Amino acid sequence: MADDLLVIIPTRGRPQAVPEIMQSWDDTGATADLLFAMDTDDPELPAYKNHAAALKDDPRVRFTFSKRRRLCGTLNQQAVKAAKQYRFLAFMGDDHRPRPADRPWDERFRECLSGGPGIVYGNDLLMGERMPTAVAMTSDIVTTLGYMCPPGLVHLCVDLCWLDWGRGMERITYLPDVVIEHLHPAASKAPMDAGYEEANSTEQVSSDSAAYYDYRDGGGLEADLAKLRKLVEEAG
């Protein structure tokens, strides 16, 4: 595998997403590595394992299976490990699909991040510039903070944190012509399933919103921004 850009995709209950995402890599000419992160208690685990077996000789992709940690926990576990090897780290949901353009989306991301610590995101055709629902960042951000998502979050609001980090560092780029489509029920692009119901339940919205505001207003964000600003300063 290349050691420049890894896209981490936590996934649960949607094994059909694997071949669709692989097709989007082929359609866009992407060369970024992929890591599908799955739960060992997923009812769809046999189907995921079938995909892993079918793709075992594809050097771009690997699969990891571990106990359930929900989206943010899984992303943190894998990102902290991968930061030791990769220069850039990205997150996509299993409902994101990069779309073809004049140049590969991952090539554009690499260009934006090659100048030093920073964050970049494209147009998901749902939230657009307002929220990086799929994102890439330099791995030194993860190394500096010790996580890719503030640990108090479970699933929601992490994209708001990435926006806060990038703006606070003054090192964030939005690429409106780089489409990474978010096939979400909110855009009528996917049916509601158990995963969406759990992630968008009243309880989860309330819990993650409270955790985000506590992080943003309770000193956590400012402490992280102090570290990130120092990282930018030291990088020159």
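The values are calculated or read from the model by the stated rules, or taken from the named source; none is laboratory data. Owing to the predicted nature of the structure, the values given are computational and were not obtained by experimental measurement. Cβ sites come from the backbone with ideal geometry, for glycine too, and all protein chains shown count toward neighbours.
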Odd one out for R167 among (1) more than 24 Å from D95 (Cα to Cα); (2) in contact (Cβ under 8 Å) with a residue 24 or more places away in the chain: (2)
Candidates T133, T143, filtered to the one that is under 25 Å from H184 (Cβ atoms) and either part of a helix (DSSP H, G or I) or hydroxyl-bearing (S, T, Y) (or both): T133
Can you say whether T202 is more than 15 Å from C72 (Cβ to Cβ) and surrounded by fewer than 19 Cβ atoms within 10 Å (Cβ to Cβ), as far as the supplied structure shows? yes
Restricting segment 47-86 to residues that are in contact with a Ser or Thr (Cβ under 6 Å, 6 or more places away or on another chain) and under 25 Å from P117 (Cα atoms), the residue that is surrounded by the most Cβ atoms within 10 Å (Cβ to Cβ): Y86
Out of all the residues in segment 153-195, which are under 20 Å from L228 (Cα atoms), assigned to a helix (DSSP H, G or I) and more than 15 Å from the chain's Cα centre (by Cα)? D164, R167, G168, M169
Please go through (1) buried (at least 17 other Cβ atoms within 10 Å of the Cβ); (2) more than 15 Å from the chain's Cα centre (by Cα) for G115 and return the number of the only condition it doesn't satisfy. (1)
Pairs, please: C-beta under 6 Å, at least 6 apart or cross-chain, first residue more than 11 Å from I180 (Cα to Cα) and touching a residue at least 60 places away in the same chain (Cβ under 8 Å) and in segment 86-111, second part of a loop (DSSP other than H, G, I, E, B) and of a type in the set (S, T, N, Q)? D94/T11
Can you pull out every residue in segment 103-125 that is of a type in the set (A, V, I, L, M) and in a strand (DSSP E or B)? I119, V120
When restricted to D41, D102, the only residue surrounded by fewer than 23 Cβ atoms within 10 Å (Cβ to Cβ), at negative phi and modelled with pLDDT under 95 is D102
